[in-house]
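Nothing in this text is a laboratory measurement; each read-out follows from the coordinates by a stated rule. As the structure is a prediction and not an experimental result, all values here were calculated from the model. All Cβ positions, glycine included, derive from the backbone under ideal geometry; neighbour counts span all protein chains shown.
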Amino acid sequence: ACTGIENIDEAITLLEQNNWDLVAAINGVIPQENGILQSEYGGETLQGPAYGPTSHSTAASSTPSSSSAFRHVVPSRQIVERQPRMLDFRVEYRDRNVDVVLEDSSTVGEIKHILENELQIPASKMLLKGWKTGDVDDSTVLKTLHLPKNNSLYVLTPDLPPSSSSSHSGALQESLNQNFMLIVTHREAQREYNLNFSGSSTIQEVKRNVYDLTSIPVRHQLWEGWPPSATDDSMTLAVSGVTFPCHRLTVGRRSSPVQTREQSEEQCTDVHMVSDSDGDDFEDATEFGVDDGEMFGVASSALRKSPMMPENAENEGDALLQFTAEFSSRYGDCHPVYFIGSLEAAFQEAFYGKARDRKLLAIYLHHDDSVLTNVFCSQMLCAESIVSYLSQNFITWAWDMTKEANRARFLTMCTRHFGSVVAQTIRTQKTDQFPLFLIIMGKRSSNEVLNVIQGNTTVDELMMRLMAAMEIFSAQQQEDIKDEDEREARENVKREQDEAYRISLEADRAKREAQEREIAEQFRLEQIRKEQEEEREAIRLSLEQSLPPEPKEESTESVSKLRIRTPSGEFFERRFLASSKLQVVFDFVASKGYPWEEYKLLGTFPRRDVTQLDPNKSLLEVKLYPQETLFLEAKE
């Protein structure tokens, strides 16, 4: 990483020459800043790069007081230019965090420029705080601040008025995240387009997209339907006043007020140039004497091509939509199917499904400034065999590295997902080495970059490298499928065991509940029986206490002697006054546990049911005098 040496044998040789002293080996190939070389001639010093330590010992000075001298030995290896040091910044602004990765040769102003695009805040209104050192201005070079690799900063905007209320800020943020559908009618072609844009898209971006669809340059577009508040093309849709979720617009070609005779005879060719500063477009090509769409030997179609991706798109899905549309317009409809969404979503689609459904992830890195781009896209990436193979075995995701902001954004994503080594490899790629094709395989612990394919390749070589990556992936996939099947089998057995255990528990619980209900019912019936017995016993005792005393045999009054047989065959006798009422006999029988509601009292000769007689009559009247034998019989 420090020396840029990629040959392991060369690195080991340098370490052996320096007795495996890492610092000495690095100093041997990288010049040290502000080094001082002492010559062999007493005390004289030479300012210059110092190389050391050397492998040769030097003779001692002629005088004891003179210091040791070092011989200036040029290393045998050609000095490698020091690789730039990358610095990571986490910048906080209100409720947002922005990650910025820059070389240490960059300035503070470049950080502000990136933050201006991310936060939509003018750099002149921005105060960047959190530096460890004192005075820092926009021209300060980061290297001079001696910063660590990871830094935390925050942004203050004292000149900007604060938001009126937190609810307004929340509503604005919600509008920026919403998707607006613009129904644009092309007046001349009588055609309607349904276009989806995020609330963070600007009116200028809408007009550029409409130019791609209608071939009407932005300067020639005549619009109807924009709200009165949409006065600036740099305004976002969220604040422009367009209707959510749908808004209708009409666009046509603006007629030129003055036309030359040549322009009236022959339609001019529009040349649309998009500059980094969103400046004016070129005038009509005919004004420069261009004939048949040629301009200084360059075809107008090449000059008119829009950027593959907007420079500061907040939504990666919207950026990929524009990338796909522009790619189709340049190279035709036969091209890989690019995944529309964030890189994280592409990871989810490729790596985190079932093992049988997983695929490799192919990341295509485009660069418009590379001389290899057109050939690679048209002849290799759009070849039917490549397109078919990619669609069957890969999830293809694309990014445009032409603009510096997009390049920095991808390097940040690359560092987060693949590590600094892969990010450094991509960072050191020169423009003419683009486009790049990264083949990524998802593994259990991390994502592995299997191959980095540069643009200087052929269709056959590209196919062979894709197939080689597929072989590695297939071997890993088979292992994953086996592990997944075994895991699912174990889970199925566990589920079956759990289900059987659950059913057994439910059966045990049902049985226990039935037993508990039965016990409760028995207890309830027992309680009722006891209550009834207690009630009957209370009634019996009450009746027993209410009976008149039994007359003696020597009584002078008429006495009736009754002998009563129970259903069990037992007999009990008692004497009653002949004048006693029949109810007294009923009470006596009930006091013995045979209530007349449940039992009937039968006479023998003649057989009759005594309980049917009037209980208020005397024993004499019902002819139970002087003695009688009666039988107790349970009522049906």
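So what is log10(I(q)/I(0)) for region 444-512 at q = 0.21, 0.22, 0.27 1/Å, when the Debye sum runs over its Cα atoms only?
Log10 of I(q)/I(0), two decimals: -0.93, -0.97, -1.12.
Note the per residue figure in Å³ for the convex hull of the C-alpha positions in region 168-253.
Expressed per residue, the convex hull around the Cα atoms of region 168-253 is 80 Å³.
Mind putting together the pair-distance distribution for region 508-636? All Cα pairs, 10 Å bins, whole percent per bin, short to long.
The percentages, shortest bin first, are 12, 35, 26, 11, 8, 6, 2, 0.
Set the Förster distance to 41 Å, then compute FRET efficiency between Asp9 and Trp131 from the Cβ-Cβ distance, nearest 0.05. Don't skip to the answer; put the middle values down first.
Values: r = 43 Å, r/R0 = 1.06.
Working from the Cβ atoms, E equals 0.40.
Grab the Cα-Cα distance for Ser229 and Arg529, subtract it from 0.36 nm times how many residues apart they are, and report the gain in nm with one decimal. Let's see the in-between values first.
Numbers: separation 300, 0.36 × 300 = 108.00 nm, distance 9.06 nm.
So the extension gain works out to 98.9 nm.
Using square roots of five times the C-alpha gyration tensor eigenvalues, list the equivalent-ellipsoid semi-axes of region 559-634 in whole Å, biggest first.
Working: eigenvalues 58, 33, 30 Å².
They are 17, 13, 12 Å, listed from largest to smallest.
Using the Cα centre as the reference, give the magnitude of the dipole from point charges on the C-beta atoms of region 337-474 (Lys, Arg: +1; Asp, Glu: -1; all else neutral), rounded to the nearest 20 debye. Write down the numbers at each step before the final one.
Working: 13 positive and 13 negative charges, 118 e Å.
That gives region 337-474 a dipole magnitude of about 560 debye.
For Val371, project a label point 7 Å along Cα to C-beta. Then give me every residue of region 411-448 with its amide nitrogen under 13 Å of that point.
Output list for this probe position: 431-434.
Need the full-extension length gain, Thr556 to Ala1, defined as separation in residues times 0.36 nm minus the C-alpha distance. One decimal, nm. Before the final figure, lay out each step's value.
Values: separation 555, 0.36 × 555 = 199.80 nm, distance 14.00 nm.
Full-extension gain reported as 185.8 nm.
In nm, to one decimal, how far is the Asp432 label point from the Asn196 one, both placed 7 Å along Cα→Cβ?
With each label placed 7 Å out from Cα toward Cβ, I get 4.2 nm.
Which lysines, if any, have their Cα less than 21 Å from the Cα of Lys561, not counting same-chain residues under 8 positions apart?
Lys552, Lys581, Lys592, Lys600, Lys617, Lys623
Stokes-Einstein diffusion coefficient for region 323-394 at 37 °C in a medium of 0.692 mPa s, Rh from the Kirkwood formula over Cα pairs: what value in µm²/s? Please list the in-between numbers first.
Numbers: Rh = 13.3 Å.
For the chosen part, D equals 246 µm²/s.
Under 15 Å Cα to Cα from Lys125, which aspartates and glutamates show up? Leave out anything in the same chain fewer than 8 places away.
Once the sequence-local aspartates and glutamates are set aside, what remains near Lys125 is Glu110, Glu116, Asp137, Asp138, Asp159.
Any idea how far the Cα center of region 573-589 sits from the one of region 331-375, in Å?
113 Å
Order 564-576, 463-475, 514-526, 350-362 from most to least packed using the mean count of other Cβ atoms within 10 Å.
On the way: 564-576: 13.3, 463-475: 15.3, 514-526: 10.0, 350-362: 17.1.
The packing order, highest mean first, is 350-362, 463-475, 564-576, 514-526.
Cut-off under 21 Å on the C-alpha distance; same-chain residues fewer than 8 positions from Lys354 excluded. Which lysines are left, in chain and number order?
Lys443, Lys482, Lys494
Taking 7 Å along the Cα-to-C-beta vector as the label spot, tell me the Ile503-Asp212 distance in nanometres, rounded to one decimal.
5.9 nm
Give or take rounding to whole Å, what are the principal axis extents of the alpha carbon atoms in region 296-440, in descending order?
That works out to 55, 33, 26 Å along the principal axes.
Mind putting together the pair-distance distribution for region 86-156? All Cα pairs, 5 Å bins, whole percent per bin, short to long.
Spelled out per bin, shortest first, that is 4, 16, 33, 29, 14, 3, 0.
Pulled fully out, how much extra length does the chain show between His417 and Gln392, if you take 0.36 nm times their separation in residues and subtract their Cα-Cα distance? Display every interim value, and only then the final one.
Details: separation 25, 0.36 × 25 = 9.00 nm, distance 2.44 nm.
Separation in residues times 0.36 nm, less the Cα-Cα distance, equals 6.6 nm.
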